[in-house]
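Structure first, then comments.
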Amino acid sequence: MRDLLKQIAEDNQIKIEKMEVMPEHIHLLISFRPSKSGSSVVKALKGRSAFLFFKNHPEIKQNRMWGGHLWSPSYYFGTVGNMSKEVVEKYINDQIYNAVRDGKPYPSPH
């Protein structure tokens, strides 16, 4: 998933500043041109990654895992305005620590 998202971001002129893939969700700190909307960026990342993931793993979609969907329709999108980029990066990094501390499965960063 990490490589898929990196390629999709590059293809869409989206810069991934920080990414952590968690077992059931992903944290991203991204930057993109002001001419793009946040919703169009999320649509590109979620839509294309789902398409490519299911293309590479058709058995998952055929078995109707996750109701045939890779992503839930919801997402959180916020701008880094009232907080610094470093604060957001720390929050993302802390998610790894919290998962390990709580004994939750955590995928390899590679």
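The values are calculated or read from the model by the stated rules, or taken from the named source; none is laboratory data. What you see is a predicted model; the values in this text were computed from it and never measured. Note: ideal-geometry Cβ built from the backbone for every residue, glycine included; neighbour counts use all protein chains shown.
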statement: For segment 9-49 the number of residues that are assigned to a loop (DSSP other than H, G, I, E, B) and among the small types (Gly, Ala, Ser) is 2
- prompt: So which residues in segment 9-35 are of a type in the set (A, V, I, L, M) and either within 15 Å of VAL80 (Cα to Cα) or under 11 Å from the mean Cα position of the chain (by Cα) (or both)?
  reply: ALA9, ILE16, MET19, VAL21, MET22, ILE26, LEU28, LEU29, ILE30
message: Just to be sure I understand the filter: pairs with C-beta atoms under 7 Å, separated by 6 or more residues or on different chains, first member in segment 10-38 and closer than 17 Å to SER49 by Cα, second member in a loop (DSSP other than H, G, I, E, B) and hydrophobic (A, V, I, L, M, F, W, C). Which pairs pass?
response: VAL21/MET1; GLY38/PHE77
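Yes or no, residue by residue, for (1) assigned to a helix (DSSP H, G or I); (2) at pLDDT below 80; (3) surrounded by 10 or more Cβ atoms within 10 Å (Cβ to Cβ):
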{"residue": "GLU59", "(1), (2), (3)": "yes, no, no"}
{"residue": "GLY67", "(1), (2), (3)": "yes, yes, no"}
{"residue": "TRP71", "(1), (2), (3)": "no, no, yes"}
{"residue": "TYR75", "(1), (2), (3)": "no, no, yes"}
{"residue": "VAL80", "(1), (2), (3)": "no, yes, yes"}
{"residue": "MET83", "(1), (2), (3)": "no, yes, yes"}
{"residue": "GLU89", "(1), (2), (3)": "yes, no, yes"}
{"residue": "ASN98", "(1), (2), (3)": "yes, yes, yes"}
- request: Would you please name the residue that is surrounded by the fewest Cβ atoms within 10 Å (Cβ to Cβ), looking only at residues in segment 36-57 that are of a type in the set (Lys, Arg) and within 14 Å of the chain's Cα centre (by Cα)?
  value: LYS43
query: Filter segment 11-35 for residues that are touching a Leu at 6+ places or on another chain (Cβ under 7 Å) and under 13 Å from GLN95 (Cα atoms); which is surrounded by the fewest Cβ atoms within 10 Å (Cβ to Cβ)?
result: LYS18
